[in-house]
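Colleague: Let me begin by handing over the structure; questions about it come next.
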Amino acid sequence: MEKQPTHTYNNLAEATLEVIGGKWKLLILCHLNCGPMRTSEFRKEIPDLSQKVLTQSLRELEEAGIITRTVYNQVPPKVVYEMSELGKTLRTILDQLEEWGEYYIKIRK
């Protein structure tokens, strides 16, 4: 059963921002856009991100259907996160955000 939006939006971009909004979720998704990652890899790539916020953000993205979490039955446990099929539809947007960021940095020098 699909989850219905919790409210109506004044602008359809709000629906996107509700799912990927915020500094940390966007950074997580940009890293996952390059391929699957483990929790420890996020901690190395985004050192200012606390474990608590990382866990919360990953859970919210998983609940929204944007990422998948795979747990491997081994010791120690191995957990891998990756873009879901729905999440992969964000790839163009994420690429464009990175391209625009690169452009912005160049013109602001």
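The values are calculated or read from the model by the stated rules, or taken from the named source; none is laboratory data. The shown structure was predicted, so the numbers you read here are calculated from the model rather than taken from an experiment. Here Cβ is always computed from backbone atoms with ideal geometry, including for glycine, and neighbour counts include all displayed protein chains.
Colleague: Taking into account only those residues within region 66-92 that are free of Cβ contacts under 8 Å to residues at least 40 places away in the same chain and touching a helix residue (DSSP H, G or I) at 6+ places or on another chain (Cβ under 9 Å), which is surrounded by the fewest Cβ atoms within 10 Å (Cβ to Cβ)?
Modeller: Among residues in region 66-92 that are free of Cβ contacts under 8 Å to residues at least 40 places away in the same chain and touching a helix residue (DSSP H, G or I) at 6+ places or on another chain (Cβ under 9 Å), the one surrounded by the fewest Cβ atoms within 10 Å (Cβ to Cβ) is 69.
Colleague: Give me a count of the residues in region 93-109 that are β-branched (Val, Ile, Thr) and either surrounded by 10 or more Cβ atoms within 10 Å (Cβ to Cβ) or closer than 24 Å to residue 55 by Cα (or both).
Modeller: So the count comes out to 1.
Colleague: Given the criteria assigned to a loop (DSSP other than H, G, I, E, B), modelled with pLDDT of 95 or more and among the small types (Gly, Ala, Ser), does residue 87 qualify?
Modeller: Answer is no for this residue.
Colleague: Applying the selection to region 34-44, what residues are surrounded by 12 or more Cβ atoms within 10 Å (Cβ to Cβ), modelled with pLDDT of 95 or more and of a type outside the set (Phe, Trp, Tyr)?
Modeller: Scanning region 34-44 gives 36, 37, 38, 41.
Colleague: Here is a list of conditions, (1) under 11 Å from residue 33 (Cβ atoms); (2) over 10 Å from the mean Cα position of the chain (by Cα), and residue 90 meets all of them except one; can you say which number that is?
Modeller: (2) is the only condition that residue 90 fails.
Colleague: Please identify the pairs in which a residue from region 20-44 that is touching a residue at least 60 places away in the same chain (Cβ under 8 Å) has its Cβ atom under 9 Å from the Cβ atom of a residue that is surrounded by 17 or more Cβ atoms within 10 Å (Cβ to Cβ) and assigned to a loop (DSSP other than H, G, I, E, B), counting only partners at least 6 apart or on another chain.
Modeller: 20/66; 20/90; 29/66; 29/90; 33/90
Colleague: Any residue in region 48-55 that is surrounded by fewer than 10 Cβ atoms within 10 Å (Cβ to Cβ) and either among the basic types (Lys, Arg) or within 13 Å of the chain's Cα centre (by Cα) (or both)?
Modeller: Yes - at least one qualifying residue is present in region 48-55.
Colleague: Would you pick out the residues in region 56-65 that are loosely packed, with under 15 Cβ neighbours inside 10 Å and more than 16 Å from residue 85 (Cα to Cα)?
Modeller: Within region 56-65, 56, 59 qualify.
Colleague: Return yes or no: is residue 82 at pLDDT 95 or above, within 11 Å of the chain's Cα centre (by Cα), within 22 Å of residue 21 (Cβ to Cβ) and part of a helix (DSSP H, G or I)?
Modeller: Against the criterion (at pLDDT 95 or above, within 11 Å of the chain's Cα centre (by Cα), within 22 Å of residue 21 (Cβ to Cβ) and part of a helix (DSSP H, G or I)), residue 82 does not qualify.
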